[in-house]
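> Let me give you the structure first, and then I'll get to my questions.
The values are calculated or read from the model by the stated rules, or taken from the named source; none is laboratory data. Remember, it's a predicted structure, so these values are computed and weren't measured experimentally. Note that we place each Cβ from the backbone using ideal geometry, even for glycine, and neighbour counts take in every protein chain shown. All accessible areas refer to the heavy atoms of the entire protein, side chains included, with ligands and DNA or RNA removed. Shrake-Rupley method; radii C 1.70, N 1.55, O 1.52, S 1.80 Å.
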Amino acid sequence: MQTRSEFEEFAMAATPSLLRSAYLLTGDQQLAEDLVQSALARTHRYWRNITTSGNATAYTRKVMYHLQVSRWRRRRVTEQLRDRPIELSVPDRSADIDMKLSLRSALATLTPRQRAVVVLRYFEDRSVAETATLLGCSEGSIKSQTFRALNKLRDALPQLTDLLNGVTR
C-alpha cells in the first residue's frame, strides 16, 4: 500500500481554503476549481524548493492570485449575472440566507480587480502593501479600488452601510 506524498497531504489540507478564496476572486465555482488546480500544479513543480524555503500555502495563494490577474489581463469579457445564484459545494451555515444572497449579488457588481482587492484586504486581512504586491500594482491603485468597491457595496446594500462605514472612509 502506497503512502501519500507530502505534497498530496498539503494539497488535500489546503484545497478547501484555496477554493474559498478562488471563488471570491472568480465569482464562479468551476473557474475557482480550475484556478486552484492550476496553482497547485505550479506549486508541485517547485515543491522541493518550497518545502525547504518557506510556507507552501502562502506560495500557492500567491501563484493563484498571479494566475487570476493574468487571466484578467488576457481576456476582457464582461461578466454576466445568472438568473439564480451559484451553488457552493461548501455547506451553508449562515442563518441569514437573504443577506448572503444580497451580498453575493452585490459582489458580482464589482469589477474583477475590485473584487480581488476586497477579498485580499478584508477576507484575507492583507495590508495595502501586500495587496499591491500580490496584484502587481501601486498602493494608490489599491486604495482607489478599495474606495470604489466599498462605495458600490454601500449603494447595493444599504443595510450594510453602518458596517462598511467602519471599514474605511
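> Please identify the pairs in which a residue from region 36-48 that is among the aromatic types (Phe, Trp, Tyr) has its Cβ atom under 6 Å from the Cβ atom of a residue that is buried (at least 16 other Cβ atoms within 10 Å of the Cβ), counting only partners at least 6 apart or on another chain.
47/7
> While we're looking at this one, here's another question. Inside region 6-27, can you point out the residues that are more than 22 Å from residue 125 (Cα to Cα) and not hydrophobic (A, V, I, L, M, F, W, C)?
Matches in region 6-27: 6, 8, 9.
> Where residues in region 119-133 are in contact (Cβ under 8 Å) with a residue 60 or more places away in the chain and closer than 15 Å to residue 150 by Cα, which of them is least open to solvent (accessible area, probe 1.4 Å)?
119
> Restricting attention to region 21-40, and to residues there that are out of contact with any helix residue (DSSP H, G or I) (no Cβ under 8 Å at 6 or more places or on another chain) and charged (D, E, K, R), which single residue is farthest from residue 119 (Cα to Cα)?
Among those residues, the one meeting the criterion is 34.
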